[in-house]
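Okay, here's the structure, questions in a sec.
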Amino acid sequence: MNIDPILSAIIDTADAANTAPDDYWSPEDGLKYCGKCHTPKEAYFAEKHRFNGIDRHPTDCKCAAEEKERREAEMREFNRINHINLLRSEAFSDIPAAAWRFDNAPVMTKQLTKAKEYAEKWDDFSREGIGLLLFGNVGTGKSYAAGCIANALIDRMISVLYVDMTDVVNRMQGNFGADRDSYLKRITRPDLLILDDLGAERNTSYGKERVFDIVNRRLLSRKPMIITTNIALSVMQKATDLDDRRIYDRVLEVCVPVLFDGENFRKGNAAENLKKATRILNKENGGN
Ligand SMILES: [Zn+2]
C-alpha cells in the first residue's frame, strides 16, 4: 500500500485549516507566512524525513499559538473554578461558614491573624500533620476562624471537610459496621478535617467512644485536623476521666492550642458596626 496519498491528504487537510486570505509565501525561505503576525505557518521536515516532494508541515504562527494558549488557559481556569466549587460544596453542609473569608472579616483579631498564618503555611503544617485547637468562650470567633482557614485552602484546591462534632456523633450512632467504617473513611479522606464544637456532643461514654474513634482515626491518617471547643485548655490538660483523657491526649498531640479570648467577637462586631453607623450619621449631620 502506498502511504503517500494518505499522508498528503492529512497534510492538505491540516493546511486548509491553517490558511487565511492574507497569508503569503516568503521569497526568502519559501514558507507560508501569516499576514497578521508575519511569522511562519509552515516548517520544513528535517532533510532525512522529506520524500516524494513532501518537505514541509503546517505549524502554528505566533498569533495562532497565542490564541491556542489563551483558549487552553481559559479551559484550565474553567476547570479550576469548577473544582473549587465542587470542593466547597463537599466541605460544608448548610453551614454559613462557606461564606467566611479572612478578607471580609469584620475585625481582624490577633487570633484571626494566627489562623491566616496557619492557612498560608499550610504546606509545612500539612506535611507534619499539625492542626489547631481553637479554644475559648462562646462567641469569640473560633468557628469563624476555622471557616476562614477552610475557604482559604479550598481556593488553593485543597480538600476540606467542616463538620459539627454533634452531627458527626449522631451520624455515627445511626451507622453500624460497614456504614460506620465508610463514614470514618470519609472523615480521613480530606486534606483538612475541621471538627466544630468539641464537647457539645452527648456527654455519654457512647458519645466519647465515637469522638475518640474520629480523633484517633484522623490522627492515624497523619493529616491535620482543626478542632474548636469551649473547653478550657487547663481543663483538657487536667482531665481525670479516662475517656476524656485519651481524647484530649490525642488532640493535644497534633493540634496547637490557640486561645480565643477578649471581648465577644459577635458583640464586638455589633459594637463596631454601631460605631461605624454613628460616625456616618454624625458626618452626614455635620456635613450638610
Ligand atoms: Zn499569525
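Taken together, the values in this text are just the output of simple stated rules run on the coordinates, not laboratory data. A quick note: this is a predicted structure, and the numbers were derived from the prediction, not measured. Ideal geometry is used to build each Cβ from the backbone, glycine not excepted, and the neighbour counts take in all protein chains shown.
Under the Karplus relation 6.51 cos²θ - 1.76 cosθ + 1.60, θ = phi - 60°, what is the ordered set of whole-Hz ³J(HN,Hα) values for segment 221-228, x standing for Gly and Pro?
Each residue of segment 221-228 in turn: 6, 6, 9, x, 9, 10, 10, 10 Hz.
Something else now. Between helix 110-120 and the chain, what is the angle of the helix's C-alpha long axis to the longest principal axis, kept within 0 to 90° and rounded to the nearest 10?
Helix 110-120 and the main axis of the chain meet at about 40 degrees.
While we're here: Between 0 and 90 degrees, rounded to the nearest ten: what's the tilt of helix 265-287 against the longest Cα principal axis of the chain?
So the helix axis and the longest Cα principal axis differ by about 70 degrees.
When a footprinting reagent is the concern and you count Cβ atoms within 10 Å, what order do L7, L220, L184, L198 take, fewest first?
Listing L7, L220, L184, L198 from fewest to most nearby Cβ atoms yields L220, L7, L184, L198.
Using only the Cα atoms, what convex hull volume per residue in Å³ does segment 1-91 have?
161 Å³
Between R80 and D103, how many nm apart are label points set 7 Å from Cα along the C-beta direction?
Once both label points are built, they end up 1.3 nm from each other.
Another question, then. Hey, which of these cross-link pairs are over 31 Å Cα-Cα: K142/K223; K110/K238; K62/K121; K62/K116?
Too far apart for the 31 Å limit: K62/K121; K62/K116.
Leaving out same-chain residues fewer than 8 places away, which aspartates and glutamates sit with a Cα under 15 Å from that of K36?
Cα-Cα hits under 15 Å: D22, D23, D60, E66, E67.
Can you give the Rg and Dmax of segment 92-270 based on its C-alpha atoms, in angstrom?
My reading of the Cα-based Rg and Dmax gives 15.5, 47 Å.
Which one of L31, L87, L242 has the biggest mean-square fluctuation once the chain is modelled by GNM with Cα springs under 10 Å?
Among L31, L87, L242, the largest GNM mean-square fluctuation belongs to L31.
Can you tell me which aspartates and glutamates have their Cα less than 20 Å from the Cα of K185? Leave out same-chain residues fewer than eight positions away.
Leaving aside aspartates and glutamates fewer than 8 places away in the same chain, those within reach of K185 are E90, D164, D167, D196, E209, D213.
Next up: Considering only DSSP beta bridges with both partners in the chain, what is the antiparallel share in %, to the nearest 5?
DSSP beta bridges in the chain are roughly 25 percent antiparallel.
Is the shape of segment 111-193 best called rounded, prolate or oblate, per the rule: a/c under 1.5 gives rounded, else a/b larger than b/c gives prolate, else oblate, with a ≥ b ≥ c the square roots of the Cα gyration tensor eigenvalues?
It comes out oblate by the Cα gyration axes.
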